Every structure is written in structure tokens, then in C-alpha cells.
Amino acid sequence: MTADMDQLAGLLREAASEKVLPRFRSLTSQDVEEKSRGDFVTVADKEAELFLTPRLIDLVPGSIVVGEEATTADPDLLEKAAGEELTWYVDPIDGTALFVAGEPGFAIMVALADKGEVVQSAIYFPVLNEMFLAEKGAGALFVGANSTSYLTARTSPQSLETADAAFYTKHFPGQWAPGLKRLKERVSSYRNEMCAAREYTDIARGAKDLASYHRMLPWDHAPGSLVLSEVGGVARNVETRQDYRPRILQGPHILAANEELWQAARKVLL
Ligand code: IPD
Ligand code: CA
Ligand code: CA
């Protein structure tokens, strides 16, 4: 069983208008906590996740929800969910640092996994009014303020020299530093948006070409990985050559616009 995509999109819009946008540029210091250094959570993250959780279960009866903030409160939740068939992964605000700074580039995102495989996802940038919807085997749809269109497959660039990248190096063990340095030297440009939702959707729609991550928390990666793979992009571990799966929580992953670019990046990183 899967969700009705229109209802799913409507739910994200509602969470945004009821729980997130009213707090945008209106947060008080009591509304913001630092979970660890530089890792923020706000009252809007918590309320949006509490809003979404029962409604997602209603959309797909029998599903369970693994939300970022519920997992912070109960770290065993990820493990408990591993045996479940239908699991929603929820990032109530991706790019919380941007949200706290009053920058518009943050998103709300969710993904549904069936036996560990992502089958549906929705990513919504409420201030920008950009929605990305993906269903396994059915493509990825962009819904903007004035247009709706299916994203098209990305066949270029195939060489690193013309690729624009985002390298997240923070959680890579030290042994990867030389390879990451080589990659940075080869690409045309690199710049992080501090928002996984942005990096995945930018690669899917052609605004960027490449990214790297080692920490693979499922609410950060499950939604975007489906949007990307539905346009022929790749999110894959360079050591195991396994495509991204939400039950794999870490490993040296490269995201690329197409297979050729992924292969080129892998060779330089290893
Ligand atoms: C963060 C963003 C960021 C990524 C971090 C995430 P959050 O999510 O997606 O791009 O590098 O690993 O934690 O905390 O803003 O939901
Ligand atoms: Ca996130
Ligand atoms: Ca978050």
C-alpha cells in the first residue's frame, strides 16, 4: 500500500502553513535549542513532526513513522523500525540552521519505504513554494508556483571538470581526506547549501551535479534519493557499490547526476 500523492503533497503544505511558516523569522530564543554544537532544533521542527506523524499513518494504514525529533528523544526508534514493512521517514525541517537564520532555503520532507526500499517521497520548500514528488518507477514531478513538470533524465555532465558539487566532509573518517581533496581539486566548483533536500533536488533538476555524504540518516537521504534515482541520478556507496538504502546509516556515498559522473567521482575518491 502507498499514499495518494496529492494528499501527501497537501499534508506537507498544511504542516508548512500551520506549524512552520508562522515561526519563520519570528523565533524567540526560547524556541531554539542546540542538540549538539551547530545542530539546532526549534519548536517548529517538533510541532511539524507531531502534526505529520498521525496523518501519515492515516494515509497508509499499518505504516509506522520514524521522525528525526522522535528519534532524538528515543534513539532506539531506528532499530525498532528496521523490521517493519512500511516506514515513513520524516524530516520536519531540513536546513534548520537556515530556518533559524531566517533564510528561505529550508524544506519539509518525507519518504515512504517498503521493506527497506524507498517507494514514495515528497520534498517541499515552503518559502520558495517548490514541491518535488517522486514515486518509484513513475518519475519525479516538480510543482512550482506557476508550473508543473516532470524532471527529465540527466545525461550530462559526464566529466568532473564541468561538474558543480557540494561536498559534505564532516562525518567522513580521516582516511578519506586525501580523496575528498582530490575531488575538490577536479570539479568546476563546490558549495554547500546546508540542506540535503536542496542538494538532492538541485542535482535532480540540473542546478548542481555532484555531492558527497558519509552520515546517511534516513530522514536526510531517503526522500531525495528517490527524486534523484527517478531522473537517472545515482546515490551509492563507493566502497560497497550498493545503491543508497534507508537502513544503511553511514558509509562513503556519492550522489551524481548520472552513472558516468558517479564512476568518475568514485575513481578519484578511492
Ligand atoms: C542537516 C542538513 C545538512 C546536512 C546535515 C543534516 P537538519 O539537516 O540536511 O545539509 O549536512 O547532516 O543534519 O539538521 O537541518 O535537519
Ligand atoms: Ca535534515
Ligand atoms: Ca531536521
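The listed peptides 34-41, 91-98, 240-247, 211-218, ordered by packing as a protection proxy, come out as 91-98, 211-218, 240-247, 34-41 (highest mean of other Cβ atoms within 10 Å first). The angle separating the long axis of helix 177-186 from the principal Cα axis of greatest extent in the chain is about 80 degrees. Out of the total accessible area of the chain (probe 1.4 Å, heavy atoms of protein only), what percent is carbon and sulfur? About 48 percent, which is the carbon plus sulfur part of the accessible surface. Against the chain, whose longest principal axis is taken from its Cα atoms, helix 5-15 shows a tilt of about 70°. Mean silhouette area of region 160-269, derived from the convex hull of its C-alpha atoms and averaged over all directions, reads 5.8 nm². What's the angle, to the nearest 10 degrees (0 to 90), between helix 43-59's Cα axis and the longest principal axis of the chain? Helix 43-59 and the main axis of the chain meet at about 80 degrees. Compute the whole-percent fraction of alpha carbon pairs in region 5-150 spaced more than 20 Å apart. In whole percent, the share of Cα-Cα pairs in region 5-150 beyond 20 Å is 47. Send over a whole-number figure in Å² for the accessible area per residue of the chain, probe 1.4 Å. I get 44 Å² per residue for this part.
With θ taken as phi - 60° and the Karplus curve 6.51 cos²θ - 1.76 cosθ + 1.60 applied, the whole-hertz 3J(HN,Hα) list for region 149-156 is 7, 6, 6, 9, 4, 9, 9, 9 Hz, x standing for glycine and proline. Each Cα pair of region 94-178 feeds into the Kirkwood radius, which the Stokes-Einstein equation turns, at 4 °C and 1.567 mPa s, into a diffusion coefficient of 82 µm²/s.
Couplings 3J(HN,Hα) for region 225-234, derived from phi with the Karplus relation 6.51 cos²θ - 1.76 cosθ + 1.60 (θ = phi - 60°), are 4, 6, 4, 5, 5, 6, 10, x, x, 10 Hz, where x marks Gly and Pro.
For the chain, the C-alpha radius of gyration divided by 2.2 N^0.38 Å, with N the number of residues, is 0.95. For a test of the definition: using alpha carbon positions, the gyration tensor, and the 1.5 limit on a/c, classify region 30-92 as rounded, prolate or oblate. Note, shape of region 30-92 comes out oblate.
Between 270, 210, 141, the Cα set farthest toward the positive side of the dipole of the chain (charges on each charged residue's Cβ, about the Cα centre) is that of 270. Neighbours of residue 182, meaning other residues whose beta-carbon lies under 14 angstrom from its beta-carbon, give a summed charge of +3 when Lys and Arg score +1 and Asp and Glu score -1. Highest mean packing comes first when the peptides 173-184, 256-267, 198-209 are listed by Cβ atoms within 10 Å, giving 198-209, 256-267, 173-184.
When 141, 228 are compared by accessible area of protein heavy atoms, the largest-first order is 141, 228, using a 1.4 Å probe. Take every Cα pair under 8 Å whose residues are at least 6 apart in sequence, average their separation, divide by the length of region 160-269, and the relative contact order is 30 percent.
The values are calculated or read from the model by the stated rules, or taken from the named source; none is laboratory data. What you see is a predicted model; the values in this text were computed from it and never measured. When we count neighbours, we look across all protein chains shown, and the Cβ atoms used for this are built from the backbone with ideal geometry, even at glycine. SASA here: full protein model, heavy atoms, side chains in, ligands and nucleic acids out. Shrake-Rupley method; radii C 1.70, N 1.55, O 1.52, S 1.80 Å.
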